[in-house]
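To start, the structure under review is shown below, and the notes come after it.
The values are calculated or read from the model by the stated rules, or taken from the named source; none is laboratory data. Everything quoted here is computed from the prediction, not taken from an experiment. Virtual Cβ from ideal backbone geometry, glycine too; neighbours counted across all protein chains shown.
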Amino acid sequence: MNGFNMHRAYAIARKEVMHILRDPFTLAIALGLPVLLVTFFGYAIDFETKNIALIVADADNGPAARRFKEVFSSSGYFRLVEPGPAGSVEMLDSGRAAAALFLKPGFSKKIKGGGVVEAQFVLDGSDNSKAAAVMGYLPGIQRAAQGKLTGTVPREPFRLETRFLYNPELNSRWFTVPGLAAIIIGLLAILLTALTVAREWENGSMELLLATPVRPLEIIAGKLVPYGALVLAGVFFVYLAARLVFGVPFEGSHLLYLAACLLFVTAALSQGLLISVVTRQQQVAMQFSMISGLLPSMLLSGFIFPVESMPVFFQYLTMLLPPRWFMAAARGITLKGANLAELAVPFLALGFLSAAMLALAIKKFKTDLEP
C-alpha cells in the first residue's frame, strides 16, 4: 500500500485529462496561447535599429550636400526629417528625432575644390542601446559618402573580412523566436500546474483525494504527466509557427531538442507544483508564477541581455535558472546544429536543476500531506 502504484497514478492522470477536455479554456490557453504570443512578439520584438528619425539642417543646399544626405537615406537605417519651427535641438528634446545632421554653408563648394569639410552629427544618448547601434553604422556611411562625393575610397592598411556563422543575414527573429518559445512555454507550464493544484486546495478536493488509497507521489505523477504532455503539444505548435511563419531554420537533432524540452518542462512543472503547495490559493499562485517564471526568464536567461555582460554575482545567479540553460540548448540545436557533446554543460545543468526542483516539490508536497 505504501509503494508507488501505477494504476492509481493512471487514475489520477485520467481524471486530469477528463478535466482538461471539459475545460476548453485551459485547452485553448495551453495550445493556442503559445503560438499567438510567439507570433505576436516575434514580429514586435526586433533588435535591429532601423527607421531612425534624422533631422537634417542643411545650410548649404548644394549638390554635394544633397548627395551626402542621400547616403544616409539610402542606407535603410535613417529616415530624414526636416527641422520644425522650434528647431533641431528642441525636436531631439521632445523625442521626435533621435539624431541631427548639421551641414554648414559652403559644404558643396569645399568638396568641389578638394578641401576638407566638416559635418556635425548629434545623437540622442538617452537610449544607449540605440546610440551604440547608430555609432556602429557611421563608419560605413562615412566611407560610402567619401566614395560618392570624391570618387575615391581611402586605402586601408589591411582588409578584415567578416563572416557571420549560423545566422548569415543577422536576422534578429532567428535569435528571438527560439528565446520567446522558451519563455512562453516555461511560464505556461508553471501557470498550468500551479493553478490546477491550487484549485484542488481551494475547493477542498485535495483532502478527498487523501481519503482514498492514492499516495502523495501518485497524485504528483498523475497531475504532472497530463499537463506535461499538454505543454509539449504546445511546444510542437510553437515549433510549427517558428518554421512556417518566421522561417527559422532547424539545423540540429529533433530528438535532442525534445530531450531538452522534457528536462525544461519537468523543471517548470515542478516549480508550479511547489508554488501551489506553498500558496494553496489560485490568485496568489498566479502572482508567484508570474514573478518567478516571467521576470527571471526575460531578464536573466540571456534572452535580452547577454549573461557574459552581467555582473559576476548575477552570472552565478543565472546558473540556478533552468531558462538560461534551455535558452542556450534551444538556440544551439536550432541555429548551430550542436550535438550532445557540445551542449553537455547546458544538458547537465538542466538535468540537475530538473531533478532538484522535482525532488523539492515532492518533499514539500509529501510533508504537507502526510501525518
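Take the stretch 291-316 and flag every residue that is in contact (Cβ under 8 Å) with a residue 12 or more places away in the chain and closer than 18 Å to F264 by Cβ. Selection gives S292, G293, L294, P296, S297, M298, L300, S301, G302, F303, V307. Residues considered: L360, L320, L340. Of these, the only one that is over 28 Å from P249 (Cα atoms), out of contact with any Pro (no Cβ under 8 Å at 6 or more places or on another chain) and either acidic (D, E) or outside any helix (DSSP H, G or I) (or both) is L320.
In this structure, E218 does satisfy being surrounded by 15 or more Cβ atoms within 10 Å (Cβ to Cβ) and among the acidic types (D, E). Starting from the stretch 221-239, take each residue that is in the same structural domain as E251 (by TED's automatic domain parsing) and in a helix (DSSP H, G or I) and list its partners that are basic (K, R) and surrounded by fewer than 20 Cβ atoms within 10 Å (Cβ to Cβ), counting only C-beta distances under 6 angstrom and pairs at least six apart or across chains. Here the result reads none, with nothing in the stretch 221-239 linked to a residue that is basic (K, R) and surrounded by fewer than 20 Cβ atoms within 10 Å (Cβ to Cβ).
Residues in the stretch 331-347 that are hydrophobic (A, V, I, L, M, F, W, C) and touching a residue at least 24 places away in the same chain (Cβ under 8 Å): I333, L335, A338, L340, L343, F347. Checking every residue in the stretch 69-81 against the condition of being touching a Ser or Thr at 6+ places or on another chain (Cβ under 9 Å), of a type in the set (F, W, Y) and in contact (Cβ under 8 Å) with a residue 24 or more places away in the chain gives at least one match. Quick one: which of F314, F303 is surrounded by 15 or more Cβ atoms within 10 Å (Cβ to Cβ) and either touching a strand residue (DSSP E or B) at 6+ places or on another chain (Cβ under 8 Å) or over 19 Å from A259 (Cα atoms) (or both)? So the residue among F314, F303 that is surrounded by 15 or more Cβ atoms within 10 Å (Cβ to Cβ) and either touching a strand residue (DSSP E or B) at 6+ places or on another chain (Cβ under 8 Å) or over 19 Å from A259 (Cα atoms) (or both) is F303. Can you find a residue that is over 15 Å from the mean Cα position of the chain (by Cα), closer than 29 Å to S129 by Cβ, of a type in the set (S, T, Y) and part of a helix (DSSP H, G or I) anywhere in the stretch 290-309? Yes: one or more hits. Taking the stretch 1-91 and the helices (runs of 4 or more DSSP H) fully enclosed by it, no element has 3 or more residues that are buried (at least 18 other Cβ atoms within 10 Å of the Cβ), touching a Cys at 6+ places or on another chain (Cβ under 7 Å) and at negative phi. Please work out which one of (1) farther than 17 Å from R331 by Cα; (2) of a type outside the set (D, E); (3) surrounded by fewer than 24 Cβ atoms within 10 Å (Cβ to Cβ) is the condition I275 fails and give its number. Failing condition for I275: (3). Among the conditions (1) surrounded by fewer than 11 Cβ atoms within 10 Å (Cβ to Cβ); (2) at pLDDT 80 or above; (3) in contact with a helix residue (DSSP H, G or I) (Cβ under 9 Å, 6 or more places away or on another chain), P139 misses just one, which is (3). List pairs: first in the stretch 39-68 and over 20 Å from F246 (Cβ atoms), second small (G, A, S) and surrounded by fewer than 18 Cβ atoms within 10 Å (Cβ to Cβ), Cβ under 8 Å, 6+ apart or cross-chain? From residues that are over 20 Å from F246 (Cβ atoms), the pairs are D60/G106; F68/A119.
Sub-8 Å Cβ pairs linking a first residue in the stretch 348-364 that is closer than 10 Å to L274 by Cβ to a second residue that is among the β-branched types (V, I, T), at least 6 apart or interchain, are M357/T266; L358/T266; A361/I220; A361/V277; I362/I220; K364/V277; K364/V278, ordered by first then second residue. In the set (1) farther than 21 Å from V248 by Cα; (2) over 20 Å from the mean Cα position of the chain (by Cα), F314 fails one condition alone, (2).
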